[in-house]
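Take a look at the structure set out below.
The values are calculated or read from the model by the stated rules, or taken from the named source; none is laboratory data. Because the structure is a prediction, the values reported are computed rather than measured. Counting neighbours? That spans all protein chains shown, and the Cβs are built from the backbone with ideal geometry, glycine included. SASA here: full protein model, heavy atoms, side chains in, ligands and nucleic acids out. Shrake-Rupley method; radii C 1.70, N 1.55, O 1.52, S 1.80 Å.
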Amino acid sequence: MDKIEHIGIAVKDLKASNTLFEKLLGVPHYKTEEVVSEGVRTSFFRSGPNKIELLEATNPDSPIAKYLEKKGEGIHHVAFSVEDIVSEIDRLKGEGFVVLNEIPKKGADNKLVAFLHPKGTNGVLVELCQEIKES
Ligand code: ZN
């Protein structure tokens with residue numbers, strides 16, 4: 001795995017949180033994107049070399065809605081950059097980690113993503129993400 005690509009934060013109200021994080025980081029969000037398949041609307045901030053993703057549920061059955069119900073707002077996942085997501089998934093499975101989606105799916109911000117079950121990672125939902133390169 002490579003560097004932390006971003007940190008995902010679950011929020012109840014994306015608009016209000018955009019305003020809050022703009023004040024906190026001193027920069028506006030540079031992108032808003034909806035991932036319909038995941039029932040989530042996201043916005044992204046850059047702060048120096050770091051990236052923050054805010055996530056809001058777009059329907060009550062979305063995983064983010066369930067997360068908010070159970071745990072409230074806060075850090076939802078930590079995403080690591082990987083060069084080759086398919087071989088990284090294989091490696092992690094070989095190490096005994098439970099991969100929630102063994103076939104990488106298209107996430108926000110032009111990435112292929114896969115998640116590891118937090119039960120196997122000390123309660124941290126880990127996202128792997130690989131930049132989708134234009135071919
Ligand atoms: Zn993410």
Practice task
Would you calculate, for the chain, the mean residue ellipticity at 222 nm contributed by helices, counting each DSSP H stretch of 4 or more residues as -39,500 (n - 2.57) and dividing by all residues, to the nearest 500?
Solution key: -7000 deg cm²/dmol
Exercise for the section: Please give, to one decimal in nm, the separation of the simple spin-label points placed at His117 and Phe44, each 7 Å out from Cα toward the Cβ. Expected result: 3.0
Exercise for the section: State the percent of C-alpha pairs, over all pairs in the stretch 54-135, separated by a distance greater than 19 angstrom. Expected result: 40
Exercise for the section: Using only protein heavy atoms and a 1.4 Å probe, report how much of His29 is accessible, in Å² to the nearest 10. Expected result: 60
Practice task
Would you calculate the separation in nanometres between label points at Arg91 and Val124, each defined as 7 Å from the Cα along the Cα-to-beta-carbon direction?
Solution key: 1.6
Problem - Whole-angstrom gap from the stretch 90-124 to the stretch 1-50, using each part's C-alpha centre - result: 20
Problem - Bins of 5 Å from zero: percent of alpha-carbon pairs in the stretch 1-106 - result: 2, 11, 19, 22, 19, 15, 8, 3, 0
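Of Lys70/Lys119; Lys23/Lys71; Lys23/Lys66; Lys15/Lys105; Lys31/Lys70, which ones are farther than 19 Å apart at the Cα? Can you show the working numbers first?
Details: Lys70/Lys119 15 Å; Lys23/Lys71 25 Å; Lys23/Lys66 28 Å; Lys15/Lys105 26 Å; Lys31/Lys70 27 Å.
Table pairs above 19 Å Cα-Cα are Lys23/Lys71; Lys23/Lys66; Lys15/Lys105; Lys31/Lys70.
Order Leu54, Leu24, most accessible first, counting only protein heavy atoms with a 1.4 angstrom probe.
Values: Leu54 0, Leu24 120 Å².
Reading off the accessible areas and sorting them downward yields Leu24, Leu54.
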Practice task
Note the full-extension length gain between Asn110 and Asp61 as 0.36 nm times their separation in residues minus their Cα-Cα distance, in nm to one decimal.
Solution key: 15.2 nm
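By accessible area of protein heavy atoms, probe 1.4 Å, what ranking do Asp61, Asp109, Asp90 get, highest first?
Numbers: Asp61 115, Asp109 20, Asp90 90 Å².
Correct descending sequence by accessible area is Asp61, Asp90, Asp109.
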